[in-house]
Amino acid sequence: MDVTKTVDSEYWKRVDAMTIAERVSRAEGLLAWARGFIARQILEERGPLGKERLKWEVALRQYGADPIARSLIEGIRARVSD
């Protein structure tokens, strides 16, 4: 018996059984976890930051690979007092 295949099969069976609302809620939770993880990394690297500054630093880390998003985020970040 291949345990990995069994676990994978069970995972997808449970995901398929979710309602759309449950799937969206799950995705929202995962995104919130990811933002929190990135925020903790930034704080560890740079030390304390204001809430607004941290929000835009997280956004830059998440979406900075896109040149348009980077430009917009950097413009907003430059106006944040802290």
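The values are calculated or read from the model by the stated rules, or taken from the named source; none is laboratory data. Keep in mind that this is a model prediction, so the values were computed, not measured. Please note: Cβ atoms are built from the backbone with ideal geometry, for glycine as well, and neighbour counts cover all protein chains shown.
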For this session: Test Gly47 against the criterion of being at positive phi and not acidic (Asp, Glu), and give yes or no.
Result: yes
Seminar exercise, completed: Expected output for the range 63-82 (first residue without any contact (Cβ under 8 Å) to a residue 40 or more places away in the chain and under 20 Å from Ile38 (Cβ atoms), partner of a type outside the set (Gly, Ala, Ser) and in a loop (DSSP other than H, G, I, E, B), Cβ below 9 Å, 6+ apart or cross-chain) is Asp82/Leu49
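What's the total number of residues in the range 1-46 that are over 22 Å from Glu57 (Cα atoms) and either assigned to a helix (DSSP H, G or I) or in contact (Cβ under 8 Å) with a residue 12 or more places away in the chain (or both)? Write out each step before concluding.
Pass one, the range 1-46, residues over 22 Å from Glu57 (Cα atoms): 1-26.
Narrowing the set further to residues that are either assigned to a helix (DSSP H, G or I) or in contact (Cβ under 8 Å) with a residue 12 or more places away in the chain (or both) leaves 3-17, 20-26.
Total meeting the criteria: 22.
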Seminar exercise, completed: A careful count of residues in the range 47-82 that are polar (S, T, N, Q), assigned to a helix (DSSP H, G or I) and over 16 Å from the mean Cα position of the chain (by Cα) gives 1
Problem set entry | Residues being closer than 30 Å to Ser81 by Cβ and loosely packed, with under 10 Cβ neighbours inside 10 Å - total across the range 1-57 | 5
For this session: State whether one or more residues within the range 19-29 are of a type in the set (Lys, Arg) and closer than 24 Å to Arg79 by Cβ.
Result: no
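Return yes when Ile42 is modelled with pLDDT of 95 or more and in contact with a helix residue (DSSP H, G or I) (Cβ under 9 Å, 6 or more places away or on another chain) and no when it is not.
On the way: modelled with pLDDT of 95 or more: yes; in contact with a helix residue (DSSP H, G or I) (Cβ under 9 Å, 6 or more places away or on another chain): yes.
So Ile42 fits the description; yes.
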